[in-house]
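Just below is one structure, and these are the notes that go with it.
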Amino acid sequence: HTFGVHGPGASAYISLGFGGAECEATILYNKGGAMYSLASGGVGGVDREVLDGKAIAGSSAFHVYYGYKQENEDFINAIQTGTVPLCTVEDAAQSMELTEKLLTNVI
């Protein structure tokens, strides 16, 4: 499970290693134009930062560093306190609708 996120002055390449041992992010900070690949990390004006997801999560247990533990805790807390969870069914439906549009090239 690997994806990239791009914004002004930086790009993040995140590998969650679905079912595997990998969980890290490489962030490239660019002091100038846009960049859209890890290969551009070798050009001048680019700083690189590597983050270890397991170290950040404080655990090498898959359900912890992949986020399931936090999602479950938030959902249980929302039920117990009568509040809205961080991710709702409506959010999931909107994500699926966007994904379906992307897959059919509507967007």
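Below are the figures for this structure:
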{"quantity": "Of all residues making up the stretch 67-88, the number that are over 24 Å from I56 (Cα atoms) and not in a helix (DSSP H, G or I)", "calculated": "4"}
{"quantity": "Candidates G41, G33, G9, G4, filtered to the one that is modelled with pLDDT under 70 and in contact with a strand residue (DSSP E or B) (Cβ under 8 Å, 6 or more places away or on another chain)", "calculated": "G41"}
{"quantity": "Enumeration of residues in the stretch 89-107 that are under 18 Å from the mean Cα position of the chain (by Cα) and either assigned to a loop (DSSP other than H, G, I, E, B) or not hydrophobic (A, V, I, L, M, F, W, C) (or both)", "calculated": "D91, Q94, S95, T99"}
{"quantity": "Extreme residue, surrounded by the most Cβ atoms within 10 Å (Cβ to Cβ), among residues of the stretch 48-88 that are among the β-branched types (V, I, T) and under 17 Å from the mean Cα position of the chain (by Cα)", "calculated": "V64"}
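The values are calculated or read from the model by the stated rules, or taken from the named source; none is laboratory data. Just so it is clear, the model here is predicted, and its values are computed rather than measured. Counting neighbours? That spans all protein chains shown, and the Cβs are built from the backbone with ideal geometry, glycine included.
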